[in-house]
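Remarks on the structure that follows.
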Amino acid sequence: MLVNPPAHLFGTANAVLSARAMRHFSPAFAGPLSLKCVIDGSATWETAQGRYQLVPGSVLLLHDGEEYSVTVDALKPVETFCLFFARGYVEDAYRVTVSSSDALLDHPGGAPVALGRRQLFDTTLLTRIHARMRSGLPLDESFAEAALSLAHVQRDVDARIARLPALRASTRIELARRVAVATSFLHANLDRNVPIEDAAREAALSPFHFQRLFKALHGVTPHRYLTRLRLERARALLRASGAPVLDVATACGFASLGSFTTLFARTFGVPPAQFRRIRETA
């Protein structure tokens with residue numbers, strides 16, 4: 001396991017990259033499968049699918065070979081923390097979760113896993129890994145836990161793809177790929193009032209067909225999915241910044257403070273201002 005190695009070693013072994021900076025820009029880099037998070041402050045990752053601004057409480061997964069840039073521009077140091085997996089490591093974890101022991105012995109190798117990009121809002125695992133690193137503890141088991149977590153997510157995705165309304169497996173895979181493109185579009189545009197028709201256009205599907213497939217894969221409609229993403233991002237911003245609640249609502253794409261407060265309280269049990277006070281006194 002490598003700690004803050006030079007870029008050319010990413011992918012050769014599991015590695016962590018921890019950094020603090022007020023200003024930083026890394027142009028066009030394509031590394032292995034990786035997880036990005038921010039411990040303190042805010043940083044922006046940009047890919048071909050759009051911009052992803054991360055604050056504490058959110059995680060970005062990027063594909064093996066996917067090109068991206070990173071920008072930090074702040075008045076105080078921003079701390080970022082990223083996991084880079086050795087190529088084949090997560091794929092091996094995935095095969096372990098879906099294959100029998102006999103199959104693993106007969107076919108120890110396997111094809112790459114097409115993990116979909118996801119912006120997640122549970123940083124418990126990465127925060128724990130970060131704490132272990134700062135304490136000087138070994139991280140091998142932590143990487144195994146992270147890889148298995150991603151593998152279980154992918155297994156659930158595979159099960160949903162298998163239930164898509166298409167006869168041929170190749171067609172189901174293509175439909176899932178198109179929905180994944182549209183899902184990435186929604187993630188990258190959380191702060192905008194994006195019509196569902198725009199997401200359908202990104203997927204090259206009709207609005208009705210897109211909404212049907214999206215619900216089959218995600219379990220909820222695109223509107224509900226986007227609303228939950230905005231609420232999760234708002235919760236992360238309330239934890240990480242002192243910005244006024246109205247500014248948080250606007251930054252997350254909510255049309256009014258009233259609707260944001262109502263949805264936040266319904267989802268998390270308390271209004272946003274009270275949530276922040278609870279966090280500050282905890």
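How large is the helix-only mean residue ellipticity at 222 nm for the chain, computed as the sum of -39500 (n - 2.57) over DSSP H runs with n ≥ 4, divided by its residue count, in deg cm²/dmol to the nearest 500? Each step should come with its number before you reach the end.
On the way: 11 runs with 137 residues, N = 282.
Roughly -15000 deg cm²/dmol at 222 nm, from the helical runs in the chain.
Under a crude label model (7 Å from the Cα following the beta-carbon direction), how far is ARG132 from ALA21 in nanometres?
Distance between label points: 2.7 nm.
Rank these for me by crowding, GLU67, GLU202, going from fewest to most other beta carbons within 10 Å.
Numbers: GLU67 14, GLU202 21.
Ordered from fewest to most neighbouring Cβ atoms within 10 Å, GLU67, GLU202 come out as GLU67, GLU202.
Considering only LEU75, ALA13, ALA147, whose Cα is most displaced toward the positive end of the charge dipole of the chain, charges sitting on Cβ of Lys, Arg (+1) and Asp, Glu (-1)?
LEU75
With +1 assigned to the C-beta of every Lys and Arg and -1 to the C-beta of every Asp and Glu, and no other charges, what is the dipole magnitude of the chain about the Cα centre in debye, to the nearest 20?
Working: 33 positive and 25 negative charges, 190 e Å.
It comes to approximately 920 debye.
What is the mean projected area of the alpha carbon convex hull for the stretch 1-93, to one decimal in square nanometres? Intermediate values should be presented prior to the final figure.
Values: hull surface 23.0 nm².
The orientation-averaged projected area of the Cα hull of the stretch 1-93 comes to 5.8 nm².
Pop the C-beta distance of MET1 and ARG192 into the FRET formula with R0 = 41 Å and round what comes out to the nearest 0.05. If you can, show how the numbers build up before the last one.
On the way: r = 39 Å, r/R0 = 0.95.
Between MET1 and ARG192 the formula returns 0.55.
What does the charge count around GLY57 come to, taking other residues whose C-beta lies under 9 Å from its C-beta (Lys +1, Arg +1, Asp -1, Glu -1)? Don't jump to the answer; show the numbers that get you there.
Values: positive: ARG233, ARG235, ARG239; negative: ASP122, GLU232.
Surrounding charge for GLY57 is +1.
Please give the FRET efficiency for THR124 paired with THR171, using the beta carbon to beta carbon distance and R0 = 22 Å, rounded to the nearest 0.05. Before the final figure, lay out the partial values.
Working: r = 37 Å, r/R0 = 1.68.
It comes to 0.05.
Which whole-percent values make up P(r) of the stretch 214-282 when all C-alpha to C-alpha distances are grouped in 10 Å steps starting at zero?
21, 52, 21, 6, 0
Please state the equivalent ellipsoid semi-axes for the stretch 2-157: what are the square roots of 5 times the Cα gyration tensor eigenvalues, largest first, in whole Å? Mind showing how you got there, number by number?
Details: eigenvalues 152, 55, 41 Å².
The answer is 28, 17, 14 Å, longest axis first.
No lab work stands behind these numbers, since they all come straight from the coordinates. The structure displayed is predicted, hence computed values, not measured ones. A quick note on method: Cβ atoms are made from the backbone with ideal geometry, for glycine too, and the neighbour counts reach across all protein chains shown.
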